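Taking it in order: structure first as structure tokens, then the write-up.
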Amino acid sequence: MFEKVQQTVNYIREKIAFEPRYGVILGSGLGGFTDDMEVEHVLPYSEIPNFPVSTVEGHKGALVFGRIGDKKVVAMQGRFHYYEGYSMQEVTFPVRVMKYLGVERLIVSNASGGVNPHYRVGSIVILTDHINLMPEHPLRGKNDSRFGPRFVNMSEPFSRRMISHAKNIAYELEIEVKEGVYLGLQGPTFETLAEYRMVKALGGDCVGMSTVPEVIVARHMDLETFGVSVITDMGNEESIGTITHAEVLEAAREAEPHVRKLIRELIARD
């Protein structure tokens, strides 16, 4: 794995002379964030050695390098999911590459189903913690200490400093935000009503099919991490019968301008 990461990093560095400090993973319907960047380079995943290729609608499939103000950023237009058939090592491979490109802070976004009764479709949720119920762990196997320690302290998966900063920015910009715990399941099926009740009983506020492996690997490599989720459906009897992926994308697009503004300002002012 380490050699593959270095091979990919060397390829990117040979292609572009750019050392980002911020990494952004853009979830379903949120790929337009790159319009807010002063874009300098775009590398399609298909051209990057060892990179998987996203197969999910709403995930474009490119690394975009540019600036937000004076901050250098690399954004992933499209992530990889365990349910697509990739291993957890492949799902999280880009996070390791970003670390060795120079990234120090990682921002992850996603679309999720809400079980917190204070949420509604379109709510923007700043993630404060996560629950890992994925069937595989991205750190299973022999540990490579060049990446990080064998046993990772997960007491702060999402940076309290960045959470506080983001809440202050949201208040100033009059962007309504909630806080919550994200629970990760494999997918690709949406949850049953009983599963939504399970998520709530276990302490989750929202549930999705991504993010958790990326955050674990980010913390393995000591990347400061911030997470934000858009609630695209509610796990209750009123809405569960109608949810489709198209509706998820539409709900995410409606919330996208506010999420983009929040992430943009968080990077610019950090």
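Amide H to amide H, with H built 1.01 Å from N, V24 comes under 5 Å of V74, A75, M76, I107, counting only residues 5 or more places away or on other chains. Using θ = phi - 60° in the Karplus curve 6.51 cos²θ - 1.76 cosθ + 1.60, the 3J(HN,Hα) couplings for the range 66-77 round to x, 10, 10, x, 9, 9, 8, 9, 10, 10, 8, 8 Hz; x is entered for Gly and Pro.
Relative to the current alpha-carbon distance between E156 and L133, full extension at 0.36 nm per residue lengthens the span by 6.5 nm. Relative to the longest principal axis of the Cα atoms of the chain, the long axis of helix 245-269 makes an angle of roughly 60 degrees. Extending 7 Å from Cα along the Cβ direction at E14 and again at A246 yields two label points whose distance is 4.5 nm.
Amide hydrogen proximity for L133: with H placed 1.01 Å from N in the peptide plane, the residues at 5 or more positions away or on another chain lying under 5 Å are G184. Each label was represented as a point 7 Å from its Cα along the Cα-to-Cβ direction; for R21 and L193 these points are 5.1 nm apart.
For the chain, the Cβ-based charge dipole about the Cα centre amounts to some 880 debye (Lys, Arg positive; Asp, Glu negative; other atoms uncharged).
Sequence-ordered 3J(HN,Hα) estimates for the range 92-100 from the Karplus curve with 6.51, -1.76 and 1.60 and θ = phi - 60° stand at 9, 3, x, 5, 5, 4, 4, 4, 7 Hz, glycine and proline given as x.
Taking the chain as a Gaussian network of alpha-carbon nodes connected by springs under 10 Å, the highest mean-square fluctuation of the residues G184, G204, G32 belongs to G32. Rolling a 1.4 Å probe across all protein chains gives D233 an accessible area of roughly 10 Å².
Once you keep just the Cα pairs under 8 angstrom separated by 6 or more residues, what percentage relative contact order results for the chain?
Working: 547 pairs, mean separation 69.9, N = 270.
RCO, the chain: 26 percent.
The HN-Hα couplings worked out from phi for the range 138-151 by the Karplus form 6.51 cos²θ - 1.76 cosθ + 1.60 (θ = phi - 60°) are x, 9, 5, x, 4, 7, 9, 5, 5, 8, x, x, 4, 10 Hz, whole numbers, x standing for Gly and Pro.
Test of understanding: what is the full-extension gain from E40 to E179, defined as 0.36 nm times their sequence separation minus their Cα-Cα distance? Can you show the working numbers first?
Working: separation 139, 0.36 × 139 = 50.04 nm, distance 3.37 nm.
Fully extending the segment from E40 to E179 adds 46.7 nm.
The values are calculated or read from the model by the stated rules, or taken from the named source; none is laboratory data. Everything quoted here is computed from the prediction, not taken from an experiment. So basically every Cβ, Gly included, is an ideal-geometry build from the backbone, and we count neighbours across all protein chains shown. SASA here: full protein model, heavy atoms, side chains in, ligands and nucleic acids out. Shrake-Rupley method; radii C 1.70, N 1.55, O 1.52, S 1.80 Å.
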